[in-house]
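Report on one structure; see the data block that follows.
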Amino acid sequence: AQSVTQPDIHITVSEGASLELRCNYSYGATPYLFWYVQSPGQGLQLLLKYFSGDTLVQGIKGFEAEFKRSQSSFNLRKPSVHWSDAAEYFCAVGPPEINKLIFGAGTRLAVHP
Amino acid sequence: EAGVAQSPRYKIIEKRQSVAFWCNPISGHATLYWYQQILGQGPKLLIQFQNNGVVDDSQLPKDRFSAERLKGVDSTLKIQPAKLEDSAVYLCASSSGTATYNEQFFGPGTRLTVL
């Protein structure tokens with residue numbers, strides 16, 4: 001069965017520091033991959049997605065993610081974190097043949113000034 | 001462009017009571033989703049509509065949950081009777097198509113507390 005693992009429940013970084021959020025998936029082929037962000041009291045907002053092609057994808061708000069087939073990973077990165085990035089981040093996998101998203105449990109990011 | 005609207009934003013009920021949530025998707029979006037997000041977990045799909053037909057309701061607890069999308073626009077999700085474990089945020093999302101590559105746009109959610 002398809003699954004998504006986000007190993008880090010909570011991460012705290014200082015403002016201006018770099019960030020990497022980990023995501024591993026279980027799926028037999030290359031699925032569609034997504035990162036969403038959820039701010040308090042808000043719905044989920046799509047940061048970026050990967051379907052095929054270049055394994056480094058750029059998203060909104062300065063985020064990027066790299067797909068590594070050999071590691072079944074799709075880690076999210078940002079070179080310099082802003083206080084407004086504090087939120088919960090969800091990785092999701094979308095196996096094309098079943099047309100649904102399977103979400104990880106999320107990583108809550110705190111940003112220290 | 002208006003986003004996905006949901007109401008109410010918060011609801012507190014006692015177990016065994018019933019509750020209903022409402023969702024208005026983005027105009028023109030044929031596909032509508034209801035997700036359940038339990039604290040500490042990612043969203044889990046409950047039901048997916050294409051226009052007013054059900055595409056996937058495999059994870060909907062049909063003994064107590066029901067959903068409808070009359071006229072293929074607004075949707076309501078009902079729980080009757082509610083259990084303690086139904087405490088969660090219920091998210092509605094919409095997209096222009098059913099394929100996974102169609103971006104899903106999420107509403108702010110309804111936070112349900114069952115006492």
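If the only charges are +1 at each Lys and Arg Cβ and -1 at each Asp and Glu Cβ, what is the size of the charge dipole of chain B around the Cα centre, to the nearest 20 debye?
About 380 debye.
Rounded to two decimals, the Cα radius of gyration of region A:3-112 over 2.2 N^0.38 Å is 1.01. Solvent-accessible area assigned to carbon and sulfur over region A:3-112 amounts to 49 percent, based on a 1.4 Å probe.
Cross-link reach is defined here as a Cα-Cα straight distance under 12 Å, omitting same-chain residues fewer than 8 places apart; for A:LYS49 the aspartates and glutamates meeting it are A:GLU64, A:GLU66, B:GLU103.
Residues whose amide H falls under 5 Å from that of B:ASP56, counting only those 5 or more places apart or on a different chain, are B:GLN48, with hydrogens built in the peptide plane. For chain A, what relative contact order do you get, as a whole percent, if you take Cα pairs closer than 8 Å and at least 6 residues apart? Relative CO of chain A lands at 37 percent.
Given 20 °C and 1.002 mPa s, how large is the Stokes-Einstein diffusion coefficient of chain B in µm²/s, with Rh as the Kirkwood radius over Cα pairs?
The calculation lands on 153 µm²/s.
Tell me, what HN-Hα J-couplings in whole Hz come from the Karplus equation 6.51 cos²θ - 1.76 cosθ + 1.60 at θ = phi - 60° for each residue of region B:92-106, using x for Gly and Pro? Couplings: 10, 9, 9, 8, 7, x, 8, 5, 4, 6, 6, 5, 9, 10, 9 Hz.
One compactness figure for the protein assembly as shown is 1.02, namely its Cα radius of gyration divided by 2.2 N^0.38 Å.
Think of region A:3-112 as a dipole: +1 on every Lys or Arg Cβ, -1 on every Asp or Glu Cβ, centred on the Cα centre; then among A:ILE60, A:HIS82, A:GLY16, A:ILE60 lies furthest on the positive end. For the pair A and B, the buried accessible area comes to roughly 1600 Å² in total, with a 1.4 Å probe and the value rounded to the nearest 100.
Determine the per residue accessible area of region A:3-112 with all protein chains present and a 1.4 angstrom probe, expressed in square angstrom.
Each residue of region A:3-112 exposes 45 Å² on average to a 1.4 Å probe.
For chain A, the Cβ-based charge dipole about the Cα centre amounts to some 140 debye (Lys, Arg positive; Asp, Glu negative; other atoms uncharged).
The values are calculated or read from the model by the stated rules, or taken from the named source; none is laboratory data. Note that the structure is a prediction, hence the values are computed from the model and not measured. Quick reminder, even Gly has a Cβ in these numbers, built from the backbone with ideal geometry, and neighbours come from all protein chains shown. The protein model used for the area step is the full one, side chains on, heavy atoms only, and it has no ligands, DNA or RNA in it. Shrake-Rupley method; radii C 1.70, N 1.55, O 1.52, S 1.80 Å.
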